[in-house]
Amino acid sequence: MAEVPSTFQLKPGQSAPDFELPDAQGSIYQLSNLISGKKGLLVAFVCNHCPFVIHLADKLGEFADEVSGKGIATVAISSNNVEKYPADSPEKMAEFAKEKGWNFPYLHDESQDVAKSYAAACTPDFYLFDSNLKLAYAGQFDDTRPGNGSPTGEDLARAIDNLIEGKETPQPWYPSSGCNIKWKPGQEPDYFG
């Protein structure tokens, strides 16, 4: 498995790219509805089969529940090519979310356009936006990786605390890393240089 880092193409203060995506049951979610009445929104690009996602999936469920009490909504998006990677199909997404205790929407980006608009590169890839949907943080959940420590969410928790306190999260922001998004043939984005 090749480890790929975040791209950091979205810059601090940049607006969240809009989207409208279905979950595994076909319910449609819009970006504006997810942030409604909240202090912030965490967008996580993930999938079911990646060891880097599996490493922190249980903790992410707990973490999202905890920050929900602070006014931070969470949404996960899978953009992988499900024809080549059927373990990431919407049906399997629903099973994975239930198994991991994810009480937030887990959406399917079948066209892969949303991943491209965020310049997402890997699973997991995290983006934290304020109540005006301006980027407050992008980067790693924490510095653990499969086989190297238990996930805590330390980096992301610090960024959320800063957001709630009206402070900027100082840079450098350390990139998330994981498996590359599994692009459809001919759909590989040009932001990898």
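The values are calculated or read from the model by the stated rules, or taken from the named source; none is laboratory data. The structure displayed is predicted, hence computed values, not measured ones. As a convention, Cβ positions derive from the backbone with ideal geometry for all residues, glycine included, and neighbour counts pool all protein chains shown.
Restricting to the range 71-85, name every residue that is touching a Leu at 6+ places or on another chain (Cβ under 9 Å) and more than 20 Å from residue 108 (Cα to Cα). 72 - this is the single residue of the range 71-85 that is touching a Leu at 6+ places or on another chain (Cβ under 9 Å) and more than 20 Å from residue 108 (Cα to Cα). Test residue 148 against the stated conditions and say whether it is of a type in the set (S, T, N, Q), surrounded by 18 or more Cβ atoms within 10 Å (Cβ to Cβ) and under 19 Å from residue 5 (Cα atoms). Taking the combined requirement at face value, the residue does not satisfy it. Per the conditions (1) out of contact with any strand residue (DSSP E or B) (no Cβ under 6 Å at 6 or more places or on another chain); (2) surrounded by 21 or more Cβ atoms within 10 Å (Cβ to Cβ), the sole criterion not satisfied by residue 61 is (2).
Counting only residues that are polar (S, T, N, Q) and under 14 Å from residue 23 (Cα atoms), which one in the range 64-79 is surrounded by the fewest Cβ atoms within 10 Å (Cβ to Cβ)? So the residue we want is 74.
Taking the criterion of being more than 30 Å from residue 161 (Cα to Cα) and not polar (S, T, N, Q), the residues of the range 23-40 that qualify are 24, 26. Residue check: residue 126 meets all listed conditions (1) in contact (Cβ under 8 Å) with a residue 40 or more places away in the chain; (2) touching a Lys or Arg at 6+ places or on another chain (Cβ under 8 Å) but one, namely (2). The single residue among 136, 159, 120 that is at pLDDT 95 or above, more than 22 Å from residue 54 (Cβ to Cβ), outside any strand (DSSP E or B) and under 16 Å from the mean Cα position of the chain (by Cα) turns out to be 159. Mind checking whether some residue in the range 1-15 is modelled with pLDDT of 95 or more and surrounded by 15 or more Cβ atoms within 10 Å (Cβ to Cβ)? Within the range 1-15, none of the residues are modelled with pLDDT of 95 or more and surrounded by 15 or more Cβ atoms within 10 Å (Cβ to Cβ).
Yes or no, residue by residue, for (1) touching a Lys or Arg at 6+ places or on another chain (Cβ under 9 Å); (2) more than 26 Å from residue 147 (Cα to Cα):
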| site | (1), (2) |
| --- | --- |
| 48 | yes, no |
| 57 | yes, no |
| 65 | no, no |
| 77 | no, no |
| 80 | yes, no |
| 98 | no, no |
| 105 | no, yes |
| 112 | yes, yes |
| 122 | no, no |
